[in-house]
Ligand SMILES: NC(=O)C1=CN([C@@H]2O[C@H](COP(=O)(O)OP(=O)(O)OC[C@H]3O[C@@H](n4cnc5c(N)ncnc54)[C@H](OP(=O)(O)O)[C@@H]3O)[C@@H](O)[C@H]2O)C=CC1
Ligand SMILES: CC(=O)N[C@@H](CCC(=O)OP(=O)(O)O)C(=O)O
């Protein structure tokens, strides 16, 4: 039995990446629309309702419209946009979030794919909150740099178009109201929003997410080994998320934005100085991989009861 899949927004940056990962998979059958029909509501309604699973790769408003076009109770939805990430009735599509979450996803009809920044942040912070190493009310900061494809077609044009004047490194989200903060707060289990300081770099893809921690000031003064043990045990069974050994992280001269390349891997590093009691937790991923398309395909596999990493670039 094949699962019918429709990617709404399939001609956009994320949609194309997802289609590449689904190509050639016999257990799936892709419903496609021609480029000129991509905004045709009637054609989209037919495709949305014919699919067993739809993946929405649309701006937020268009994603809400797409959900409203579904008038049957069979079609299941994975929404890559921000529209439903903290909405009632939706399950957050980060299978690694906590023990048991994968099973909740498998039973869900509406799944919200995480933002790329929250993917790195939650991978680093959620296990530490669960383990009680970061108190829920701790003032957490998260910073980093993203490739410009994170901003979709519009930002790609800003960096590659005829009139482009790309900056090498551009901090943004300066008013501290970034749309990813609500999902970071809710799913980390923190009681206060983290201070989020993102930047965009002059690279097409790739992402570094960093959480600095003043361990010496934290209750129980956790050691680097405590933090590392919690992360390593959280992802011990994962073939997507890796945690570098402490000595390997210490030996690195830096973590490049391009570290995982165009893959769906998520690589975690923990560096620190025991003398100062300070640590830097770093996640490296592809904003279009585990930050978007890879996560959507992983969730599709879970919903369809297929091997979780089928089609992923690992
Ligand atoms: N890029 C990334 O790294 C990530 C993106 N996301 C999210 O995924 C979603 C898609 O992003 P991305 O692929 O980057 O965006 P793009 O701008 O590259 O693609 C969006 C696609 O949606 C189409 N579209 C826009 N409005 C409508 C509409 N009303 N009806 C039908 N189709 C429409 C666009 O058509 P047209 O060609 O005419 O513009 C385009 O093909 C967004 O919500 C984004 O925030 C999530 C995580 C990471
Ligand atoms: C570089 C850049 O601009 N990145 C995007 C995030 C991309 C992403 O995760 O997508 P969602 O919009 O679906 O959350 C931003 O910060 O808004």
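Points to keep in mind about this one:
- In the chain, the DSSP beta bridges split such that about 45 percent are antiparallel, to the nearest 5.
- Over the chain: helical MRE at 222 nm, DSSP H runs n ≥ 4 each giving -39500 (n - 2.57), nearest 500: -9000 deg cm²/dmol
- Bridge type composition, region 105-219 - antiparallel percent by DSSP, nearest 5: 55 percent
- Compared with the alpha-carbon gap, the fully stretched path from residue 252 to residue 87 is longer by 55.4 nm at 0.36 nm per residue.
- Shape of the chain, Cα gyration tensor, a/c cut at 1.5: prolate
- Our note on the geometry: Cα centres of region 244-277 and region 187-205, 18 Å apart.
- Helix 13-22 axis versus longest C-alpha principal axis of the chain: approximately 80°, rounded to the nearest ten.
- Working from Cα pairs under 8 Å separated by at least six residues, relative contact order for the chain is 18 percent.
- Sorted largest first, extent of region 116-287 alpha carbons per principal axis (Å): 55, 32, 31
- Rounded if a/c under 1.5, otherwise prolate or oblate - region 1-86, Cα gyration tensor axes: rounded
- Hydrodynamic radius (Kirkwood) for region 208-264, which is based on Cα pairs only, to one decimal in Å: 13.3 Å
- Entry note, region 116-287: relative contact order of 29 percent, from Cα contacts under 8 Å with a spacing of 6+ residues.
- Rounded, prolate or oblate (a/c below 1.5 giving rounded, otherwise prolate when a/b exceeds b/c) for region 1-150 by Cα gyration tensor: prolate
- Mean separation of Cα contacts under 8 Å (6+ apart) over length of region 259-304, as relative contact order %: 39 percent
- The long axis of helix 294-304 is offset from the longest Cα principal axis of the chain by roughly 60 degrees.
- When peptides 229-241, 123-135, 24-36 are sorted by average Cβ neighbour count within 10 Å, with the highest value leading, the order is 123-135, 229-241, 24-36.
Readers should treat all values here as calculations from the given coordinates under stated rules, not as data from a laboratory. Keep in mind that what you see is a predicted model, and the values were worked out from it rather than measured. Neighbour counts are summed over all protein chains in view; Cβ atoms, including those assigned to glycine, are modelled from backbone coordinates with ideal geometry.
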